[in-house]
Each structure stands twice: as C-alpha cells, then as structure tokens.
Amino acid sequence: MEKIQRKTTKMIPELRNLSYERRLQRLKLISLEQRRLRGQLIETFKYLNGLNNVTLEGLFEREGNVRTRNNGQKLLPRNFKTSQAMNFFPVKIAATWNQPPENIVSAGTVNTFKNRLDKFWITNPPPQYYILLTLCP
C-alpha cells in the first residue's frame, strides 16, 4: 500500500521531483505507516478509557508510580520469554503510548485525543523506531 501511495503522489507534476516525505507534507498527508500507528494509539485510548465493548482485563499494565516526567498513564512493557509474544499488540504499543504528554492521553473524548495527537505530531513526529516497532511481525 505504501508503494501505491508513493507512486500516486509522484503523478502530480509539481511534486514529481520531491522526496516522498516532502510530497506528503505538501499534500498535508501522513504516511500509511504513521496512519496505522495513529489507529493503534486511538484503539489503545479507547481500551484504557473503557470506550470499547470489550472486556480486556489485564491487557495493559499501567505504571503505579505517577511521576511528573511521564504522561500520567504510562504503560509498562511486559517481559516475555518467547519472541512471538513480542508481537502481541499491548507489548508493541506501550513504548509509543508513553511518548505523548499528559494533555493528550488524558483527553476526555476520542476526537479530542485525535486532534491533540495530530497537533503534537506536527512538531514531534513519531520516531521511525516507534513506527517500525509497531509494524514488525
């Protein structure tokens, strides 16, 4: 899918000679990888705030020690003995969830969370490491 988006954005004559990242900026788009990561963060927000009709007892483990240097809803990464468990959604999303500041993760609604996350990513795009971490099989 990313290849298709790359080719499609190159079809615009004015943007043809720009890098893929620059074409996305000019078109005010985000990469499909970043869009996927955004969707995972939105789902995490819903799970943590009880907005899904799913009971997921123990899916995420929150840090009990609330300090001023984190977002107040820090998720603890779990340790597993197998590499297969590292692909489990809560394990992969924990590092990314811990990045945004408290005003984003403590938003009152999903739309507020989305808007604040989008604004945060304008000045603080997610590091490629987080995107790759959440996409690796």
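The values are calculated or read from the model by the stated rules, or taken from the named source; none is laboratory data. Keep in mind it's a predicted model, so treat the numbers as computed, not measured. Surface accessibility is based on the protein's heavy atoms, side chains included, excluding ligands, DNA and RNA. Shrake-Rupley method; radii C 1.70, N 1.55, O 1.52, S 1.80 Å.
A few points about this structure:
- Residue identified as part of a helix (DSSP H, G or I) and open to solvent by 80 Å² or more (accessible area, probe 1.4 Å) among Lys7, Lys46: Lys7
- Selection from segment 25-43 of residues that are more than 18 Å from Phe60 (Cα to Cα) and open to solvent by less than 40 Å² (accessible area, probe 1.4 Å): Ser31, Leu32, Gln34
- The one condition in (1) part of a helix (DSSP H, G or I); (2) at pLDDT below 70 that Arg69 fails to fulfil: (1)
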